[in-house]
1. Residue by residue through the stretch B:324-340, note down the ones that are within 15 Å of B:F279 (Cβ to Cβ) and out of contact with any Asp or Glu (no Cβ under 7 Å at 6 or more places or on another chain).
2. Can you confirm whether the stretch B:129-143 contains a residue that is away from chain A (no Cβ under 14 Å) and surrounded by fewer than 21 Cβ atoms within 10 Å (Cβ to Cβ)?
3. Residue by residue through the stretch A:102-123, note down the ones that are within 23 Å of A:P80 (Cα to Cα), more than 12 Å from every other protein chain (Cβ to nearest Cβ) and part of a helix (DSSP H, G or I).
4. Given (1) touching a Leu at 6+ places or on another chain (Cβ under 9 Å); (2) within 9 Å of another protein chain (Cβ to nearest Cβ); (3) free of Cβ contacts under 8 Å to residues at least 60 places away in the same chain, identify the lone condition not met by A:G262.
5. Give the residue, chosen from B:T195, B:T216, that is within 27 Å of B:P133 (Cα to Cα), at pLDDT 95 or above and among the hydroxyl-bearing types (S, T, Y).
6. Name the helices (runs of 4 or more DSSP H) wholly inside the stretch B:209-320 in which the number of residues that are under 22 Å from A:Y290 (Cα atoms) is 2 or more.
7. How about the stretch A:159-195: which of its residues are of a type in the set (S, T, Y) and part of a strand (DSSP E or B)?
There are 2 protein chains.
Amino acid sequence: MSQSLRKQAVTAEDVAKRAGVSRAVVSRALSSNGSISPATKEKVLRAAQELGYQVNFLAQGLNRQRSHLIGVIVARIGDPFRSSLLESLLHEIQRRGYQALVTEITGEQDLVATLRRFTQFRVSGVIVTSGQPPEAIVNECVSQRIPVVGINRHPDIQFVDFVCSDNVSGARQAAEQLYDSGCRRFGWLNNCGSTWAGIQRGEAFFHALQQLGVDTQQQVRWFDAREEGYDGGFQAAQQSDEDLPEGIFCANAQLACGFLDGMRQRGKSAPADFHLIGFDNTPQSGQFSYQLTTLHQDVAEIANRALTRLLERAKNPLQPSRVEWVKVKLIYRQTSPLIG
Amino acid sequence: MSQSLRKQAVTAEDVAKRAGVSRAVVSRALSSNGSISPATKEKVLRAAQELGYQVNFLAQGLNRQRSHLIGVIVARIGDPFRSSLLESLLHEIQRRGYQALVTEITGEQDLVATLRRFTQFRVSGVIVTSGQPPEAIVNECVSQRIPVVGINRHPDIQFVDFVCSDNVSGARQAAEQLYDSGCRRFGWLNNCGSTWAGIQRGEAFFHALQQLGVDTQQQVRWFDAREEGYDGGFQAAQQSDEDLPEGIFCANAQLACGFLDGMRQRGKSAPADFHLIGFDNTPQSGQFSYQLTTLHQDVAEIANRALTRLLERAKNPLQPSRVEWVKVKLIYRQTSPLIG
DNA sequence: TTGAAAGCGCTACCAT
DNA sequence: ATGGTAGCGCTTTCAA
């Protein structure tokens, strides 16, 4: 009661006074950093408890030159996959005792400004889930010993680690499933201006089909959605002609759901008229109206590894870049059912 | 180049030296707070520019007793409505020059810990989009002059402002649309353990029906979903008997989509077999496979007002609580089409 | 083991 | 208009 009425927050000094020690001791008692006798530690802790003492993170961070903040850069959170990735990242960040700073960007210039702002808060690390950070600004982070990790980004920056879903394996699984289901003419659906991950999936799909003996020149069609997301997929379906490929692989779940609906509007459905495999395994792809066969991205594992990389690099900032490929798993549903 | 190699970040002191002034002047030049001649200001700004100076927000915040951080408390971001609300909040926070601190909670005790952590960062404000913060911890915020605003929360805490969608108006619009479409037997679908907003929508729906002359004792059925979200709605549909009400109102979009799919599985569809109106107008509700008639929550407006309230209360912390009701709009789609 | 003291980088007050 | 200076609250040597 009296506590909730005080104007000024209680400081380490107050605790020190109450415990009858110096503030240095208080600091040690709480950070368990430096030697202190069990008895006084106990005494200090009790005093802190009684006073309701809370460390001022601003002061702590200023002194240690590092806050307990981790910056996360996202874009288009409305997309179900992105929001579930963010959810996992938040979980993981909190689980490890950090606090997330999150910024949504809409373009590359936002990215630079954001990264700079993060450095101003002396963040303990940065996680980039969208955009391709320019070398220059990343170097600023590196020189300030701020670890940066990219998720599903093109892994080509020095001193930056990457965690990516294994797109190549995913594309191969998709190709094989479609081929084994009897498809011989294929389609690849992506939106123009796609992310690196989408492009990699497409290339790997072609490659896998070639290895299966498919004449990719003749037997693979290319669907380019004008825009990303559900609407892009929907329009692509509407604009496609009657000569539909038998097996279609799609860069992500939103495009796939849109495509499915666009086809449905034209009276065509999967798996009757074509097979369709998506990526991401968003909640929506499992719903009764879609039942999309899709490659599951393990967001929990991705988040876990991202944090591990971050903390690892914090210890050893100049180690060479690492890329971790996280396993993806094909979830069989209606749009390309499991055979045999 | 040389800049990116420096170990230590450049400080106001460096800028002062380069510009040939004191650090106090540097501070003024950048904060435009205190008097300074245009000439020196220009000089300082140029020096800062050349050195690539960036204010250390930790130091600034420590001194000003307030960071440029705004804490946001969320839950279950995977839910499309929640993620779009978060997206709008991030936009608004960034637009006003703040940086968002976001924490996902899974229970009320997380809420207390989070709020406390926010105070440790000396946030400029807190936005609660989930959970009901206990009076005690909110008082800690109040006593530290940290403004708190709740979104779609039960507005009953002193010194806390609230921004809520106008659930009562929404429920009335739903009731009238259903009634005007000829429905005379009604249903209300919500999950048990629903949020305050859901409950308020239900109560208002009953009340509106009464005003329309409906015998709510006899003519309104109650559907209780075991769990929240799509799955809850789906199961509720499966468990319902054959005697379906003509017009059903649903607490949110996810439940509604699930219900629609559950019914679809049983061979029933809207608007042929029943009418259905949801809340939220998530992207999914507009998709071809759902086309859900729904009440649109204006998340951009909600976010805007929340920030305005926050900054307003920062100036005048002890003003009485305010509740703002944001207009909701009925979007007519297939599950209860516009008549006439 | 403990305490004194020197900062971390910035802001704001008070002289000049 | 400008510069000196006293903190903001904490951590961390360095002596004792």
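The values are calculated or read from the model by the stated rules, or taken from the named source; none is laboratory data. Model, not experiment: these values are computed from the prediction. All Cβ positions, glycine included, derive from the backbone under ideal geometry; neighbour counts span all protein chains shown.
1. Selection gives B:K329, B:L330, B:I331, B:Y332, B:R333, B:T335, B:S336.
2. There is at least one residue in the stretch B:129-143 that is away from chain A (no Cβ under 14 Å) and surrounded by fewer than 21 Cβ atoms within 10 Å (Cβ to Cβ).
3. Once the filter is applied, which keeps residues that are within 23 Å of A:P80 (Cα to Cα), more than 12 Å from every other protein chain (Cβ to nearest Cβ) and part of a helix (DSSP H, G or I), the stretch A:102-123 yields A:E108, A:L111.
4. (1)
5. Values: B:T216 fails: within 27 Å of B:P133 (Cα to Cα).
B:T195 is the lone residue from the list that is within 27 Å of B:P133 (Cα to Cα), at pLDDT 95 or above and among the hydroxyl-bearing types (S, T, Y).
6. Values: elements: B:216-219, B:229-239, B:253-265, B:299-315.
Once the helices (runs of 4 or more DSSP H) in the stretch B:209-320 are filtered for at least 2 residues that are under 22 Å from A:Y290 (Cα atoms), what remains is B:229-239, B:253-265.
7. First pass over the stretch A:159-195, keeping only residues of a type in the set (S, T, Y): A:165, A:169, A:179, A:181, A:194-195.
Across the stretch A:159-195, the qualifying residue is only A:S165.
Listed here are the residues, each with its yes/no results for (1) under 25 Å from B:V74 (Cβ atoms); (2) over 19 Å from the mean Cα position of the chain (by Cα).
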site	(1), (2)
B:V148	yes, no
B:Y179	no, yes
B:N190	yes, yes
B:W222	no, yes
B:F234	yes, yes
B:Q238	no, yes
